[in-house]
Each structure stands twice: as C-alpha cells, then as structure tokens.
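Engineer: Could you have a look at this structure, given as structure tokens, before my questions?
The values are calculated or read from the model by the stated rules, or taken from the named source; none is laboratory data. Just so it is clear, the structure is predicted and the values come from calculations on it, not from any experiment. A quick note on method: Cβ atoms are made from the backbone with ideal geometry, for glycine too, and the neighbour counts reach across all protein chains shown. Areas reflect the complete protein model, heavy atoms only, side chains present, ligands, DNA and RNA absent. Shrake-Rupley method; radii C 1.70, N 1.55, O 1.52, S 1.80 Å.
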Amino acid sequence: MHTLDQLRSGALAGTRRLDLSCDLDALPPEVFDLADTLEVLNLSGNRLSTLPRDLPRLHKLKAIFCSNNPFTHLPEVLGDCAALQQVGFKACQITEVPGTALPPLLRWLTLTDNAIAKLPPEVGQLPALQKLMLAGNRLRDLPAGLADAHRLELLRLSANQFAQLPGWLTELPRLGWLALAGNPLGWHHAEPAPMGRVPWAQLRVVGLLGEGASGHIYRVQQEGSTESFALKLFKGLVTSDGLPEHELAACQAAGQHPALCTPSAELADHPQGTRGLLLPLIAPHYTNLAGPPSLESCTRDVYAPGLRIPPPAMLRLAHDMADALAHLHRKGVMHGDFYAHNILWDPASGQALLSDFGAGTLLPVDQPGVGRALQAPEVRAFGCLLEELVAHAQQLTDGGDTGALADVAALARACLDDNPAHRPSMAEVAHQLAAALSPSGAG
C-alpha cells in the first residue's frame, strides 16, 4: 500500500498503479497529479461513498477497485471514464446500478457481495464485456439484452434469487466459466456419498501452506499418524465465485478421481465453528500450470514466459483433465472455474490434478437436457486449455508428435465451436485423448 505522505510529497510521480487504504472519505486531490500515467487506482478498504465528478481527468485510467467501501450505488461518473476497462466494487452496500455508470470500454465488472436486485439494460449493450461477477446479490433475472453479449466469457450468478434461468444463457457463444450455486432453482440433485468427519482435536497444525479467495490452507498431521494432510479452513465470506457451503457440496458430490484434488473428510468441532476440509497433501514436484488472468488478458490465464511443454506431457495433462471433467459431469457437477491456474501438474510426466471447487454447481438430475446444456460452457473452457497447451508444446521433429499436436488443435477447435450444441461432450473428448495417448493412437 502507498501512503498519503508519499502521494503528497510527489514521491509517486509517474506511477501507473496507486493503492490507497487509509480511512479515506474523499479522493485526495493529489491523485490528479498522476493523470498522465495512472492506469490502476485501488481505493479498497476506505470510507468512500462517492467519487469526484472530475474523475475522468484521469484519462489513462484502465482499472478502478473500490471494494469494502460504503457505496450505495455505482458512481455514474465511471461512465464518463473513456479508457476504463475494469471496475471492481465488491462487498460494498450497492443497491442501484445506473446504466450511465457503465464505461463504454468495460470488459470486467465485479459487483460481488452487494444488495443489487436489478441490472440496467445497458449491461447488455457493452460490446467489450467479457467478465461479469455478480455472486451474492438479490438478482431474480438478467436484462434480456445480455443475450447479445457475444463476447461474454465468465459469469458468476451464485447466491442470488434466480428461480429460473433465461433460455439464452447456455446459447452465449463464448461463455466458458459459469457459477450458479445457491439459487432457488428447484433442481433435484444426486445424493452424494457421505463424507467422513475428523475432529479438530485430532489435528496438529504444522504450518500455513497458502491462502485462496475462500480460505486458508494448512499442513496438518492427524493424531496417531505421521502422514501429513492439507486442511482448508473456510473464511466464511462470499467470494467472487460464491459461498463456502457451495464449494463443500460440490466437493462431496464430486467424489474421488485420480486427477481431482477432492477432500477425504470434513472438519468437525472447530472451537470457532469454522468449516473445513481435509485434503491430500500434494507432492512438492507438482506446480501450478499458470497464473490467473491479468487486466490485459481478462479471461485467459498467464503462463510463465518461455514455457514449453513436450507433446507427450501435453497429451497426458490434457487427458487427465478431460477425464476429470468427464467424471464431474457424470456426477452432476459443473466445476465452473476450469482454468490452468487451478491445475497442478508434474512437468516431468504431465500428470495433473484439478483443484478449487469454489464455483462448483450441482446440476439437476431430473432435467437432463438442462444439465447437458450447462456442461457445454465447460467444454469451451476445456477448449481454451487445449489451445493454450498446443501453443506451449515443443515443436519436435518427430512426425508422431506433430500429428498429435494437430489432432489436439483440431479437438480444441471442436470444443470452442461458437454453437454450444455442436461441441462434443467431455466423455467424447476424454475418449479421443485416451486414443491419442495410447501407443497405437499416437500420430
């Protein structure tokens, strides 16, 4: 975080990103001294309820974050910021979203955890809109104009009040990441297998492994065992994907699969009542395949520069993930966040594990047509991964490898078909990749 002293002294001259969280109730006028360079303005965690009318003087501003401030409506002045592409107002007190508050170049809008009951029709008139995050609001429907949002790729509707979904939702040509849990849709779900429970008193915390949007992950040991596990303790907050209980339900329904990082037990009797899951501890040679999307990439993950994946490892990774998704779909689970940054892989072999069920949705078992339609966006997300894997695969001289790359590229195109009804199922995709992976199927 930057400080007001730094800002006022001129020490931040020329900066492209400004982070101020210092109990502000108004935007400091010195911010405008940065107008010729400032692209990202983070004002989260203050006491702001308005933004100044001359905000458009920040003519290079591409992203603004105002989460955890007491705004009651999305400021209309945002609509006058000509270069603004990303707007984030999570966990405010917003009840109203004026259509005039939406900037013309908007690509990424986050309004998670507010009290919004209705969106303006102008949301469907944003030609660049790719990402719309609305979990934890009071929405019952969506503007009909969103049916024409042909660039929309990620949509978070968890923990709202939808009793039914618009028919056009699963027809959006580029939608690949969708979260719907926690709405009164009246769907019937398959009963998951019961999960064991481990009392908190039987666990010894060894250390913190990491932190995600929905919780902290610790290394723990169970009483009477030398084996270590991972324990995820939920924060109990609304995340951009949804609520912790939705993640837990998706994990339970998913069950076990060699390429899924699913829990073996649920935590019981935590002294603060915190919910948690006991997970297998992933071997240290597994690493994240990529990092999450950036402002520039918006919906696509960011890979390490120069990453090259040998075709045999690429095939193994692709097959493992296709088989994992096919398993989830058979179990009536939509992962909702199928991304490379949620994949752990072994670079030596290509073996991979899919994690993070925070956006998981349980599909209706009594409406198979609806279930199939809701799986099609996830097939597109898998197509995005295949496209990325091919781009990072080493171009070796072996003819078999070249043939395998061409086959995977063709499969990616089928998964990315703009007509969701024309895409293959994940079971069909997994079958094709299994054939490509076998010695007789290569090349």
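Engineer: Exactly one condition in (1) modelled with pLDDT of 90 or more; (2) touching a Pro at 6+ places or on another chain (Cβ under 9 Å); (3) farther than 19 Å from residue 412 by Cβ; (4) open to solvent by less than 30 Å² (accessible area, probe 1.4 Å) is not met by residue 320; state its number.
Structural biologist: (3)
Engineer: Which members of region 184-240 meet the condition of being among the aromatic types (Phe, Trp, Tyr) and over 18 Å from the mean Cα position of the chain (by Cα)?
Structural biologist: Of everything in region 184-240, those that are among the aromatic types (Phe, Trp, Tyr) and over 18 Å from the mean Cα position of the chain (by Cα) turn out to be 187, 200, 218, 229.
Engineer: Which ranges mark the strands (runs of 3 or more DSSP E) fully within region 233-345 that have 3 or more residues being under 26 Å from residue 435 (Cβ atoms) and not acidic (Asp, Glu)?
Structural biologist: So the answer is 343-345.
Engineer: Can you pull out every residue in region 220-272 that is charged (D, E, K, R) and at negative phi?
Structural biologist: 223, 227, 232, 235, 241, 245, 247, 266
Engineer: For region 159-181, name all the residues that are in contact with a helix residue (DSSP H, G or I) (Cβ under 6 Å, 6 or more places away or on another chain) and in a loop (DSSP other than H, G, I, E, B).
Structural biologist: Hits for region 159-181 are 168, 175, 176, 181.
Engineer: With the requirement that a residue be in contact with an Asp or Glu (Cβ under 9 Å, 6 or more places away or on another chain), of a type outside the set (Ser, Thr, Tyr) and open to solvent by less than 20 Å² (accessible area, probe 1.4 Å), what does region 262-314 give you?
Structural biologist: Once the filter is applied, which keeps residues that are in contact with an Asp or Glu (Cβ under 9 Å, 6 or more places away or on another chain), of a type outside the set (Ser, Thr, Tyr) and open to solvent by less than 20 Å² (accessible area, probe 1.4 Å), region 262-314 yields 276, 277, 278, 289, 290, 298, 301, 311, 313.
Engineer: What are the residues in region 288-314 that are touching a strand residue (DSSP E or B) at 6+ places or on another chain (Cβ under 9 Å) and more than 30 Å from residue 157 (Cα to Cα), if any?
Structural biologist: Hits for region 288-314 are 304, 308, 309, 310, 311, 313, 314.
Engineer: Which members of region 206-245 meet the condition of being of a type in the set (Gly, Ala, Ser) and either modelled with pLDDT under 85 or touching a helix residue (DSSP H, G or I) at 6+ places or on another chain (Cβ under 8 Å) (or both)?
Structural biologist: Listed by number, the residues that qualify are 212, 213, 214, 215, 224, 225, 236, 240, 242.
Engineer: Going by what's in this entry, would residue 208 be described as in contact with a His (Cβ under 7 Å, 6 or more places away or on another chain) and not in a loop (DSSP other than H, G, I, E, B)?
Structural biologist: The answer is yes for residue 208.
Engineer: Which ones in region 140-194 are of a type in the set (Lys, Arg) and open to solvent by 30 Å² or more (accessible area, probe 1.4 Å)?
Structural biologist: 140, 151, 174
Engineer: Looking only at region 339-359, filter to residues that are touching a Phe, Trp or Tyr at 6+ places or on another chain (Cβ under 6 Å) and under 30 Å from residue 243 (Cβ atoms); which one of those is most open to solvent (accessible area, probe 1.4 Å)?
Structural biologist: Step by step, filter region 339-359, then rank; the result is 344.
For every residue, the table says whether it meets (1) in contact with a helix residue (DSSP H, G or I) (Cβ under 7 Å, 6 or more places away or on another chain); (2) in a helix (DSSP H, G or I); (3) open to solvent by 60 Å² or more (accessible area, probe 1.4 Å); (4) modelled with pLDDT of 95 or more.
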| residue | (1), (2), (3), (4) |
| --- | --- |
| 380 | yes, yes, no, yes |
| 385 | yes, yes, no, yes |
| 397 | no, no, yes, no |
| 401 | yes, yes, no, no |
| 404 | yes, yes, no, no |
| 407 | yes, yes, yes, no |
| 410 | no, yes, no, yes |
| 418 | no, no, yes, yes |
| 429 | yes, yes, no, yes |
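Engineer: Let me ask another. Do any residues in region 212-226 that are under 17 Å from residue 274 (Cβ atoms) have Cβ atoms under 6 Å from those of residues that are open to solvent by less than 40 Å² (accessible area, probe 1.4 Å) and of a type in the set (Lys, Arg), where the two are at least six apart or on different chains, and which pairs are they?
Structural biologist: These pairs meet every condition: 215/232; 217/232.
Engineer: Here's a follow-up. Checking residue 214 against (1) open to solvent by less than 50 Å² (accessible area, probe 1.4 Å); (2) at positive phi; (3) of a type in the set (Gly, Ala, Ser): exactly one of these is not met. Which one?
Structural biologist: Against the list (1) open to solvent by less than 50 Å² (accessible area, probe 1.4 Å); (2) at positive phi; (3) of a type in the set (Gly, Ala, Ser), residue 214 comes up short only on (2).
Engineer: With open to solvent by 70 Å² or more (accessible area, probe 1.4 Å) and hydrophobic (A, V, I, L, M, F, W, C) as the only criterion, which of 208, 203 stands out?
Structural biologist: Of 208, 203, the one residue that is open to solvent by 70 Å² or more (accessible area, probe 1.4 Å) and hydrophobic (A, V, I, L, M, F, W, C) is 208.
Engineer: Limited to region 83-120, what total is found for residues that are touching a helix residue (DSSP H, G or I) at 6+ places or on another chain (Cβ under 7 Å) and under 24 Å from residue 57 (Cα atoms)?
Structural biologist: Matching residues across region 83-120 total 8.
Engineer: Do we find that residue 136 is open to solvent by less than 50 Å² (accessible area, probe 1.4 Å) and assigned to a helix (DSSP H, G or I) in this structure?
Structural biologist: No: the conditions fail for residue 136.
Engineer: Which of the residues spanning region 38-72 are open to solvent by less than 50 Å² (accessible area, probe 1.4 Å) and free of Cβ contacts under 8 Å to residues at least 24 places away in the same chain?
Structural biologist: 38, 61, 70, 71
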